[in-house]
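**Q** Once you've had a glance at the structure underneath, I'll fire off some questions.
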Amino acid sequence: QVQLVESGGGLVQAGGSLTLSCAASGSIFGINTMGWYRQAPGKQRDLVAHITRIGSTYYVDSVKGRFTISRDNAKNTLYLRMNSLKPEDTAVYYCNEQIGATSYWGQGTQVTVSS
């Protein structure tokens, strides 16, 4: 079955950087659109960025210029490089793999940005 395991979260000061990783298994990784979502306390889970199988990327306005999504198909791994972090980036970050009409999710990794 499809499994997604996130890592790389943690506590960082405002202005700092983190890189999240998502190790995928159980699917043909290179052919599916992958994404990062986040959910802050009391809020809904929202898209942060996604990347298609051919490497086309999309970012929500609030992270453009600060975050970079990438994928290594040889390692079945998705990344999110986060620079210039702000307190409002604090959330649980989730990896997502879209296979047809089905979405698969990881367990999430906490990112906390202190001011």
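The values are calculated or read from the model by the stated rules, or taken from the named source; none is laboratory data. All values reported here derive from a predicted model rather than from experimental measurement. Positions of Cβ are generated from backbone atoms using ideal geometry, with glycine treated the same way; all protein chains shown enter the neighbour counts. Calculation scope for accessible area: heavy atoms of the full protein, side chains included, ligands and nucleic acids excluded. Shrake-Rupley method; radii C 1.70, N 1.55, O 1.52, S 1.80 Å.
**Q** What would the Debye equation give as log₁₀ I(q)/I(0) for the range 58-115 at q = 0.18 Å⁻¹, counting only Cα atoms as equal point scatterers?
**A** The Cα Debye sum returns log10 ratios of -0.77.
**Q** Using only the Cα atoms, work out Rg/Rh for the chain, with Rh taken as the Kirkwood radius, to two decimals.
**A** Values: Rg = 13.3 Å, Rh = 14.0 Å.
Result: Rg/Rh = 0.95.
**Q** While we're looking at this one, here's another question. Per residue, how much accessible surface does the chain expose to a 1.4 Å probe? Answer in Å², no decimals.
**A** 52 Å²
**Q** For the range 15-86, run through the trypsin sites (Lys or Arg not before Pro) and keep only the ones in DSSP coil with at most 13 other Cβ atoms within 10 Å of their Cβ.
**A** K43, K64, K75
**Q** Ignoring ligands, DNA and RNA, please state the percent of accessible area on the chain from carbon and sulfur, probe 1.4 Å.
**A** Ligands and nucleic acids excluded, carbon and sulfur give 49 percent.
**Q** Can you tell me which lysines have their Cα less than 27 Å from the Cα of K75? Leave out same-chain residues fewer than eight positions away.
**A** K64
**Q** Counting only C-alpha contacts under 8 Å and six or more residues apart, can you give the relative contact order of the chain as a whole percent?
**A** The value is 36 percent.
**Q** In Å and on Cα atoms, what radius of gyration and Dmax does the range 1-66 show?
**A** 13.5, 38
**Q** Starting from the Cα of K43, draw a straight line to each of the aspartates and glutamates and keep only those under 19 Å, dropping any in the same chain fewer than 8 residues away.
**A** Leaving aside aspartates and glutamates fewer than 8 places away in the same chain, those within reach of K43 are D61, E88, D89.
**Q** Another question, if that's okay. Could you state the number of Å between the C-alpha centres of the range 12-36 and the range 38-54?
**A** After rounding, the separation between the Cα centres reads 11 Å.
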